[in-house]
Structure formats: structure tokens, C-alpha cells
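*Asks:* Pasting a structure below so you can have a look.
Where a number appears in this text, it was derived from the coordinates with a stated rule and is not lab data. Everything quoted here is computed from the prediction, not taken from an experiment. All Cβ positions, glycine included, derive from the backbone under ideal geometry; neighbour counts span all protein chains shown.
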Number of protein chains: 2
Amino acid sequence: MEQINLKKLQQEIIRGSRLATARAITVIEDERDGFTDLLNSLHKNIGKSYRIGVTGPPGAGKSTFTNQLAKLYRKQNKTVGIIAVDPTSPYTGGAILGDRVRMVELTSDKGVFIRSMATRGNLGGLARRATEVADVMDAAGYEIIIYETVGVGQIELDIAEAADTTIVMIVPEGGDIIQGMKAGLMEIGDIFVLNKADRPGADRMQKDLEYVLHLRKPLLEWYPKVLQTQSHKNIGIEVVKEEIINHEQFLLKDNQLEIKRDRRLIKRIRQLVEKEMQSYFWNDNRKKILNEYLLNDKESMSPYVLSENLLKELKINE
Amino acid sequence: MEQINLKKLQQEIIRGSRLATARAITVIEDERDGFTDLLNSLHKNIGKSYRIGVTGPPGAGKSTFTNQLAKLYRKQNKTVGIIAVDPTSPYTGGAILGDRVRMVELTSDKGVFIRSMATRGNLGGLARRATEVADVMDAAGYEIIIYETVGVGQIELDIAEAADTTIVMIVPEGGDIIQGMKAGLMEIGDIFVLNKADRPGADRMQKDLEYVLHLRKPLLEWYPKVLQTQSHKNIGIEVVKEEIINHEQFLLKDNQLEIKRDRRLIKRIRQLVEKEMQSYFWNDNRKKILNEYLLNDKESMSPYVLSENLLKELKINE
């Protein structure tokens, strides 16, 4: 890629250029030279957006819902950034879900910016990268940012980490899913949306879900509601939007939103420091020691002893 | 807990004492004082066991299958350690799946050692901890070690990391699951077991699964088979056991097993180093800097700039 004119790119993002925004996201996603400088230069223009995560199992209708929700915000003249997070395989690196319904309706709307983002198999750091992509949109002036992702494994935890309000979507057929999703989805949801609620079993599913939610001990004094929608008919979305506002109001009380965002910031700093320390630590000499260990000493010396030996040097330098 | 007599505990484990083995696992799981010394002292007695991971969605019949597989090994007089990994909630810390079928039949068999292990919400380090628990069983002389865990999110990736051969279990009804599991299960399976194969849809499911597997690019020249079983009737287990041996033979060719285990060892060492460096790095002074940043500078200074400032000192000391 050609040399980035950082100052120019930054100025263009801040005045809302779509082209500059798209380009900056690519630079940051790929961690190209200068990406940290770019993030640093945008930093003072970040912090005005409200960030919503939409997650759930495949087929729950997340794209349609996100589409409708974005349209509601547009009616209020709020600008919307949408980040569609596509899980990629941790082993082959390829994209997994090719069946995402693209939000065709919105692409001609200048007040909406849509971007796909791959997890790249490397789940570590997804929360950080999703935050950074949102930061660029934030600097470009988008007021509402929606992360949309399929709820598989660690991904939804990372997205919840990057969002102010997390919406978990399910469908009436998802009885088994409640069982499977307990490991994560149940506990990250600030709002539960039971989509395709015209299908049989919706009321039963709502009761089941409310029961399970009732058992959980909330972290704060927020009790998540289960709201029924039919996204394809545009039914129920307005109520969800109001509940998002209720949740935002709740977080603004007692400074919870700032505390939540600070916690996110601390995690991000810890990750940055960790990443940097690892590349600092594993210099050629230490890599050589590790290789010699694998060749000669792995049967006689435990990994704990080796780690201690490797770290000794660092401690002396304290 | 009372002071550990390390030497005595180590000796008792090596001569196969169940009590000492159980106690050592607790010491290591809880990271009590002396746990690294204990692992170091056992290190030379580790490396003889073959480790099998059994994972899949809730209700696939993993416990019954594991039970039957263990009994087959027992018929050959091989000793078996079983580690049942129960996911705990990352938010409340409580256990999630209370419905695991306990392997009651096996508990009176002196050649079988069964242990439950919680993920503790902290998924980071699960592969390492699972490895360490298996190491104790290994030192105690158990020849086959089976990890059994529900396939939710990151957990199955960690277990595949700790296993030599990974078995992914599914059931004929799991059509949707194929979609959901693509994110991980599809790619960690060395062998796929289609359990409850007397139910409708088994052959169809087998074809679908074989088709998807056919699309995937294998990391090595190993092509996973899909094998049908009916664990509750003890049908098909022997064939799976033979396929495990085939996979072991495959790994032993060209040294793949050692390469795989070395890769695991490298990851473990990196994690140990990382953990140690983090606690070394975040001393009182740096914590103070971080807190001051949150109070005063987070709006003006990007996290990248802060991280760089924090790390400067470390670099000078190189």
C-alpha cells in the first residue's frame, strides 16, 4: 500500500468522508504501518457513539433485525454504523457463514456505514479490534454503532465486551439452544429478543427464558426483559429500541456506563502491553533457548522450570 | 491446607496411590503453594499416556460413549483416567451443566480414575490446566486419558489442544448444529462419531457431514471418518477404538505426535511466561499510572500512547 498521509486521512475521517473511513478501517484491521498513529490521532474525536451488540445463533434473523433497527434510528436522523462480524475458522482462516443476509436496503443511505469484519480465527484480540473499527466510525460521526455477529463461542463474549448494550436474539425453536447457550449468551444479554414470534412455541419459549433469567444473579440491578419481535414484518422493533434507551439510562445512573467503558479500556491496555512484552521477550536468544529445550531437555526439565530460567534475566533487570 | 510433604506425595503418586493422585490434582487445580514444585517433581514420570478428547453438543451422549470406550480399554487391561470438564459461567462462576450422566459403573474399578474439572469461567489457560491434571494421572500410571467436555465455544478448542486424538460427537437431529459448529468442532475432529445412529436421519446426517468434511482442507494428510454408534446399546464403540489406534499410528509416522506435543509445550511455556510477566509488569507504580490515566487522561491520550509510555521503562532495562 502507498504511504499514508496521516494528517489528511484523519481530517477527512473527522469531516465524515466515507472513503477515508473505509480506508482507515482497512489500515487498522490489517495493522498496517502507521495504524497506531492513526488511532492516536483520532483519539480525541472518539467517545460520542452508543454501541449495541446483536448476537444469537445462526438463523435467528439478526441481519433483518439489525436492518430494521438501523432504519428506526435513521427516522430520527441518527447516523448508524454497522459492523458485521463474520466468524472465520481458527484452523483454515476461511470465512464460515456465507449466508449472511446483506443489508441491501441500507447501502444507498448516506447516513449508514456498513462494514464486514472477519474474526480471522484468532479470537484473542477480537474485542480490541472490534472496538478500534467502531472507534473510526465514531470519529467519523456515526452516533449509533451496531455490532452484528453470530453467537458461536467466544465471539459473542468479545462483542459483548465491545458493546454498551448487548441484545441476544433467539427463535421459538431454540429450546435446545437455551441449554447450549447457557455457557455465554444467557449472561451477556442486556435485552433478549425472541424473534419470529409468530411461530409456534413463542410464548412457551418466552416463559422458559424468563424463568432461566430469573435464576441468574444479575451483575448490576438490571433485569433483562424478553421482547417478542417479527423482524421481517417490522413488528416489535420500536419496543426493543425503547428498551435500549432504558438500558442506556440505567447505565448513565451511578456512572455505570463510564465504569463499564473504563473496564474495557483497562482490558485493552493490558492486551496491548502483553502483546508488546511478548514480542520484546521472545528475542533470538530466548527463542534459541526454547528450541534447545525442545531438542534436549523437555523430558528432564518441566516447562515451569524452563519458564523460570527464561524469566530470571528479566527480573534481575528490574 | 496443611503443609505438603512434596517428596512423599510424589512417591505415592508414582506408585499409583489414588488418594495421593486426587490430592495432587486438587493442589494443582487450585494452584496452591508448591504446585509448581509438585509438577516439576513429577515431570520425569510424564509422557507415557495417550490422550483422547471427546466433545460435542449437549445431549450427544458423550458420557455414555466415554463410559463404553473406557470399558473396552479395561478389557485390554489398560488403565484409564477420565477428566470430565464442566463449563462454568464466565460471569457467575457457577457450574452450568448439572445433567452430566455420572459414570457410576466405572467408579468401583480400581483401574479407572475419574475426575471432574471446572473451567472456572476463565477460559484462558484451560488447555494448560487440563494438561496438568492429565500429567498427574499420567505420572500415576494411567495409560489412556480421556477428556470429556461439552462443545461450547472455546472449551472444545482448548481440549483439542490438550488431546492427541479428538473425537467430535453428534446426533442425527443436529442439522442446525452443523451450521453452528462450523466455527470450531468441524475442524478439531480427528474422528467424528454419529451417536444415536438408530434415530431417523442418521444416514442423511452422515452424508451431510462427510460432504462438509470433504470441503475442508486437512492440516495433515489425515482424513477424518464419520462413524455411527449407539452408545447406550454398546454398538460401534470397538470401531471407534480401532480408528483411534489408526490415528495414533498416523501421528507416529513422520514424528507428527511429537511435533503436536511440542507445539502444545511451546504454547504452555508462552502462557507461563506471559502470566509471570504480567504480574511482574503490573507493579504498584504502573497500576498507579494506569489509574491516573483513567482519572485524568483517557480522553486526551490513546491507550496505545499509554501502553508505549508504560513499556518504555522496561525497554531501557533490556
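*Asks:* Separation of the stretch B:256-286 and the stretch A:125-141 by C-alpha centroid, Å?
*Replies:* 29 Å
*Asks:* Right, another one. What distance in nm separates the simple spin-label points at B:Lys7 and A:Tyr211, each placed 7 Å from Cα in the Cβ direction?
*Replies:* A separation of 5.9 nm, rounded to one decimal place.
*Asks:* Next question, about the same structure. Can you work out the FRET efficiency for the pair B:Ser300 and A:Lys78, with r the C-beta to C-beta distance and R0 = 25 Å, to the nearest 0.05?
*Replies:* It comes out at approximately 0.40.
*Asks:* With a point put 7 Å past each Cα toward its Cβ, work out how far B:Ile289 is from A:Asp203 in nm, to one decimal.
*Replies:* Using points 7 Å along Cα→Cβ, the separation is 6.2 nm.
*Asks:* Still on this structure: Over the Cα atoms of the stretch A:1-45, what Rg and Dmax result, in angstrom?
*Replies:* 9.4, 26
*Asks:* Over the stretch A:1-45, what is the relative contact order in whole percent, taking alpha-carbon pairs under 8 Å and six or more residues apart?
*Replies:* It comes to 39 percent, rounded to a whole number.
*Asks:* Can you put A:Phe35, A:Phe192 in order, fewest other beta carbons within 10 Å first?
*Replies:* Least to most surrounded, the residues fall as A:Phe35, A:Phe192.
*Asks:* Further question: Fully extended, how many nm does the chain gain between A:Glu313 and A:Glu238 (0.36 nm per residue separation, minus their Cα-Cα distance)?
*Replies:* 21.0 nm
*Asks:* A follow-up question, please. Using the count of nearby Cβ atoms within 10 Å as a rough guide to exposure, how do B:Glu187, A:Glu29, B:Glu161 rank from fewest to most?
*Replies:* Ascending Cβ contact count within 10 Å gives the list A:Glu29, B:Glu161, B:Glu187.
*Asks:* Let me ask you something else. Output the Kirkwood hydrodynamic radius of the stretch A:213-318, Cα pairs only, in Å rounded to one decimal.
*Replies:* It works out to 19.3 Å.
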